Amino acid sequence: MVDVLLGLQWGDEGKGKIVDVLAPQYQVVARFQGGPNAGHTLEFDGFKHVLHQIPSGIFRGDIQNIIGNGVVLDPIIFKKEIDGLAKYNLDLKANLFISKKASLILPTHRLLDAAYEKSKGVAKIGSTLRGIGPTYQDKVARMGLRVGDVLSGNFKQKYQQLVDAHKVILGHYGFDYEATLPQAEQDFFAAVAFMMQFKFVDSEYTVNDALQKNKTILAEGAQGSMLDIDFGSYPFVTSSSTMSAGACTGLGVSPKQIGEVFGIFKAYCTRVGSGPFPTELLEETGEQIRAEGREFGATTGRPRRCGWLDLPALKYAIMINGATQLVMMKVDVLNIFDTIKVCTHYQLPDGTLTDQMPYDLTDGDVTPVYVDFKGWQTSLDGIRAFDDMPAELTAYVDFLEAELNLPITLISTGPDREAIINRVVVA
Ligand code: GDP
Ligand code: IMO
Ligand code: MG
């Protein structure tokens, strides 16, 4: 079976940590979408490490870690990531597999990302500027380059053809690429040569062969459901299918092979970049959450916008993903509050209440309706069992499980891989 682990909010839920926690139960960990816009943080043995494109099973010994066909891969960032992993003495050449069908991010994709964002002015998406949108755009336009193309004799020619097309667009936007492109191209080709030392595979075969052998696979999502290209807060989204169905197209597996769908959410909400965020707290409480949760982007360092938990958004994400169990993250961040709020409904401009996501959420004119919970106001350090949780936290969990109609099987109480309350049942 392929179990899928994905974010139910706007990204940064803590996916990296939980993939690392669960990875020992799997033989394969595979990324199925996104690219270096992701920043997945793992903490263990006093180390803190942020992964961008490499799957988060990489620290767990002999697990096959696959970069799937649905991913957009930047060779320059790949090389930096590999260099950054040197100190851990991992057998990356044995355990890392790259799909030949993964899309290549070229230096001009990053420039295009910047040009498009600049042209949008205040309406900008707040992209990570990693070239994600333009690379997926070329993939869908049937113009893109893929990892397997670097093996062909005419790769440079194909590269040049695409870059020439990009230069026309950059010229149209009046974007000066002359200053930075030559160096970036040198870095790109050096990084491509470096990348060729690793295993390029037809990963759909790798994955399905593993399934045939009854191996267990964990598909690692990036970003979150509210950033999904179809169901997120469009157009303030990323350019890939971040939902469970994305694991099928992003790895080449049948929907029948999907087993558990772990939906991860923070006990509150955060969002980086622009776009609607109904429960956003623009006052002191938001600042407190940001400080307590160290809510600054793992990829761009930008401060994350913070707010209370949003159940209409969470229910929506659970529905489109078919989540089977829930993982609640960063509960310790709420230790300091005497009152914790949860948004159960939105009030629409005409006064009606709904717990569904309105089409025009983009207009930002819904008012969240909250219920209050008494905070536990105590440290959760060292708690490993549900039964040992403070009564107020148990009440909070019970309420959420009833509202969301799913079990919360993991509760994370700190960044370290050991800070977890675990009652996962894997079939
Ligand atoms: P991802 O993109 O979903 O993998 O999440 P990020 O790594 O971008 O952001 C999650 C941040 O929260 C990282 O800095 C983690 O180290 C940290 N983190 C994860 N779980 C917990 C937790 O339970 N409590 C606290 N305080 N921090 C956590
Ligand atoms: P992980 O995997 C949080 C956001 C950006 C921007 C929008 C589009 O770490 O959870 P893009 O670069 O994809 O064109 O940006 O999506 N975004 C993320 N926010 N976590 C991420 O990844 C994100 N990846 C993209 O901030 O608003
Ligand atoms: Mg992140």
Worksheet item: List pairs: first in the range 115-135 and more than 20 Å from S103 (Cβ to Cβ) and open to solvent by 30 Å² or more (accessible area, probe 1.4 Å), second away from ligand 1 (no atom under 16 Å from the Cβ) and part of a helix (DSSP H, G or I), Cβ under 6 Å, 6+ apart or cross-chain?
Response: K124/E117
Discussion item. Y88 - would you say it is hydroxyl-bearing (S, T, Y), buried (at least 19 other Cβ atoms within 10 Å of the Cβ) and away from ligand 3 (no atom under 16 Å from the Cβ)?
Written reply: no
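Just name the residue that is nearest to F262 (Cα to Cα) out of those in the range 383-416 that are among the small types (G, A, S) and either at pLDDT 95 or above or surrounded by 14 or more Cβ atoms within 10 Å (Cβ to Cβ) (or both).
Initial filter on the range 383-416 (among the small types (G, A, S)): 385, 391, 395, 402, 412, 414.
Pick out the ones that are also either at pLDDT 95 or above or surrounded by 14 or more Cβ atoms within 10 Å (Cβ to Cβ) (or both) and you get 391, 395, 402, 412, 414.
Numbers: A391: 25, A395: 22, A402: 17, S412: 14, G414: 19 Å.
It comes out as S412.
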Fill in: Residue in the range 255-279 that is nearest to A291 (Cα to Cα), counting only those that are out of contact with any helix residue (DSSP H, G or I) (no Cβ under 7 Å at 6 or more places or on another chain) and of a type in the set (S, T, Y)
T270
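Which is open to solvent by 30 Å² or more (accessible area, probe 1.4 Å), part of a helix (DSSP H, G or I) and more than 16 Å from ligand 3 (Cβ to nearest atom), of Q183, Q197?
Numbers: Q197 fails: part of a helix (DSSP H, G or I).
From the options Q183, Q197, the qualifying one is Q183.
Counting just the residues of the range 28-74 that are at positive phi and more than 15 Å from ligand 2 (Cβ to nearest atom), which one comes out modelled with the lowest pLDDT? First the steps, then the outcome.
Residues of the range 28-74 at positive phi: 34, 45-46, 61.
Going one step further and asking which of them are more than 15 Å from ligand 2 (Cβ to nearest atom), we end up with 45-46, 61.
Details: D45: 95, G46: 95, G61: 90.
Among those residues, the one meeting the criterion is G61.
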Item to complete: May I ask you to verify whether N321 is more than 9 Å from ligand 1 (Cβ to nearest atom) and under 26 Å from S127 (Cβ atoms)?
Response: yes
Response to the item:
When the range 38-53 is checked residue by residue, the ones that are more than 8 Å from ligand 1 (Cβ to nearest atom) and open to solvent by 50 Å² or more (accessible area, probe 1.4 Å) are D45, G46, F47
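Would you mind stating whether D62 is of a type in the set (D, E), within 26 Å of T249 (Cα to Cα) and open to solvent by 10 Å² or more (accessible area, probe 1.4 Å)? Can you show your working first?
On the way: of a type in the set (D, E): yes; within 26 Å of T249 (Cα to Cα): yes; open to solvent by 10 Å² or more (accessible area, probe 1.4 Å): yes.
Answer is yes for this residue.
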Practice prompt. Would you please list the contacts, defined by Cβ atoms under 9 Å and residues six or more apart or on different chains, that run from a residue in the range 59-85 that is within 24 Å of Q186 (Cβ to Cβ) and aliphatic (A, V, I, L, M) to a residue that is open to solvent by 10 Å² or more (accessible area, probe 1.4 Å) and modelled with pLDDT under 95?
Written response: none
Item to complete: Only strands (runs of 3 or more DSSP E) wholly contained in the range 1-60 count here; list those with 1 or more residues that are within 22 Å of P303 (Cβ to Cβ) and within 12 Å of ligand 3 (Cβ to nearest atom).
Response: 2-7, 40-44, 47-51
Discussion item. Which count do you get for residues in the range 25-37 that are charged (D, E, K, R) and either open to solvent by 10 Å² or more (accessible area, probe 1.4 Å) or near ligand 1 (Cβ under 10 Å from one of its atoms) (or both)?
Written reply: 0
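When the range 343-396 is examined, which residues are found to be among the aliphatic types (A, V, I, L, M), part of a loop (DSSP other than H, G, I, E, B) and closer than 19 Å to L410 by Cβ?
Going residue by residue through the range 343-396, those that are among the aliphatic types (A, V, I, L, M) are 348, 353, 357, 361, 366, 369, 371, 380, 383, 385, 389, 391, 393, 395.
If we keep only those that are part of a loop (DSSP other than H, G, I, E, B) as well, we get 348, 357, 366, 380, 383, 385, 389.
Across the range 343-396, the qualifying residues are L380, I383, A385, M389.
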Fill in: Hits in the range 136-148 (condition: touching a residue at least 12 places away in the same chain (Cβ under 8 Å), open to solvent by 30 Å² or more (accessible area, probe 1.4 Å) and in a helix (DSSP H, G or I))
Q137, K139
Worksheet entry | The one condition in (1) more than 16 Å from ligand 1 (Cβ to nearest atom); (2) crowded, with 20+ Cβ neighbours inside 10 Å; (3) not small (G, A, S) that E220 fails to fulfil | (1)
Worksheet, complete the sentence: Output for Cβ contacts, cut-off 6 Å, separation at least six or different chains, first residue open to solvent by 20 Å² or more (accessible area, probe 1.4 Å) in the range 319-337, second within 16 Å of ligand 2 (Cβ to nearest atom) and not in a helix (DSSP H, G or I), reads I320/F231; I320/M243; K330/K266; K330/G293
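Return yes when K139 is farther than 23 Å from V272 by Cα, within 16 Å of ligand 2 (Cβ to nearest atom) and of a type outside the set (G, A, S) and no when it is not. Don't jump to the end; show me each part of the working.
Values: farther than 23 Å from V272 by Cα: yes; within 16 Å of ligand 2 (Cβ to nearest atom): yes; of a type outside the set (G, A, S): yes.
Yes.
The values are calculated or read from the model by the stated rules, or taken from the named source; none is laboratory data. Since this is a predicted model, take the numbers as computed values, not measurements. When we count neighbours, we look across all protein chains shown, and the Cβ atoms used for this are built from the backbone with ideal geometry, even at glycine. Heavy atoms of the whole protein, side chains included, go into the accessibility calculation; ligands, DNA and RNA do not. Shrake-Rupley method; radii C 1.70, N 1.55, O 1.52, S 1.80 Å.
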